[in-house]
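A short worksheet on the structure shown next.
The values are calculated or read from the model by the stated rules, or taken from the named source; none is laboratory data. This is a predicted model, so every value here is computed, not measured. Every residue, glycine among them, receives a Cβ derived from its backbone with ideal geometry; neighbour counts consider all protein chains shown. When the accessible area is computed, the model is the full protein with side chains, heavy atoms only, and any ligands, DNA or RNA have been set aside. Shrake-Rupley method; radii C 1.70, N 1.55, O 1.52, S 1.80 Å.
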Amino acid sequence: MTDSNVDHSTITNQPQATKFSNLASKASSKDEFSKPFQENHQLINTQLAECQTIGLSKMPSGYADTALFTADEQTVLAAAADILHSKLFISEQPALTSPDVVKNYCRFSLAAKEHEVFGVIFLDNQHRVRASTELFNGTVDAASVYPREVVKKALAENAAAVIFYHNHPSGMAEPSQADRRITRRLIDALALVDIKVLDHFVVSFEETVSFAERGWM
């Protein structure tokens, strides 16, 4: 994405950890992460069938065969993300008072992706979800984020608050200094139009880090 008039930054993840230096350790982490879903595979299949019945069968874009997750495991993750997505978008739902549902939705949506994705959840003034959009796609270790585009989309959604999320395909969810800098720039840009940033989740298939919980918001 190129625009000489757009102020933008790049989010990057930390260098890959030594514990992910071989396929054996990747497989171990993968098995531990996906074990709960494998144990309840029949239940997930039933829930997926129910999702298909009510029109929620579309898998998130960007999923592809990878060395880390098999096709069956990606289907399970997609089903879990669809179920959590449906829970976010209930018009009668109360305001979000806990980050757990959003955190799990972000994690299951991006866990199997092998390139960085930056997304935004848009909320109304009661902190109910209006929309969720994956705005920027990058490479295996970086994604360019354009504050002007984030502001434009937030205004188009008539959002009063937002939550950011992006993934680290390396498996290490620890935010980088670049992640913290772009978050601060986005907070400042959105403040000019009275839109509050509630949190920024950095996710991997192992864990999720919340900026708000770290006291960085």
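Just a few scattered comments:
- Segment 145-164 - residue that is crowded, with 24+ Cβ neighbours inside 10 Å and in contact (Cβ under 8 Å) with a residue 60 or more places away in the chain and, of those, nearest to the chain's Cα centre (by Cα): Ile163
- Selected residue [crowded, with 22+ Cβ neighbours inside 10 Å and either within 17 Å of Val197 (Cβ to Cβ) or not small (Gly, Ala, Ser) (or both)] from Val129, Val140, Val101: Val129
To keep it simple, each residue is scored yes or no on (1) more than 12 Å from Lys103 (Cβ to Cβ); (2) modelled with pLDDT of 95 or more; (3) part of a helix (DSSP H, G or I).
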site	(1), (2), (3)
Leu155	yes, yes, yes
Gly171	yes, no, no
Leu186	yes, yes, yes
Ala189	yes, yes, yes
Val193	yes, yes, no
Glu206	yes, no, no
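- Restricted to segment 208-217, and to residues there that are free of Cβ contacts under 8 Å to residues at least 60 places away in the same chain and not in a strand (DSSP E or B), the residue that is surrounded by the most Cβ atoms within 10 Å (Cβ to Cβ) is Phe211.
- Boolean, Asp124 is among the acidic types (Asp, Glu) and modelled with pLDDT of 95 or more: no
- Segment 117-153: number of residues that are over 20 Å from Arg180 (Cβ atoms) and either small (Gly, Ala, Ser) or in contact with a Cys (Cβ under 8 Å, 6 or more places away or on another chain) (or both): 2
- Per-region count, segment 128-153, residues in contact with a strand residue (DSSP E or B) (Cβ under 6 Å, 6 or more places away or on another chain) and not in a strand (DSSP E or B): 1
- Screening Leu198 against (1) open to solvent by less than 30 Å² (accessible area, probe 1.4 Å); (2) under 12 Å from Val120 (Cα atoms); (3) in contact with a strand residue (DSSP E or B) (Cβ under 6 Å, 6 or more places away or on another chain) leaves a single unmet condition, (1).
So that you can scan it fast, the table gives a plain yes or no per residue for (1) closer than 28 Å to Arg214 by Cα; (2) modelled with pLDDT of 75 or more; (3) more than 18 Å from the chain's Cα centre (by Cα):
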{"residue": "Gly62", "(1), (2), (3)": "no, no, no"}
{"residue": "Thr70", "(1), (2), (3)": "no, yes, yes"}
{"residue": "Leu84", "(1), (2), (3)": "yes, no, no"}
{"residue": "Ile90", "(1), (2), (3)": "no, no, yes"}
{"residue": "Arg107", "(1), (2), (3)": "yes, yes, no"}
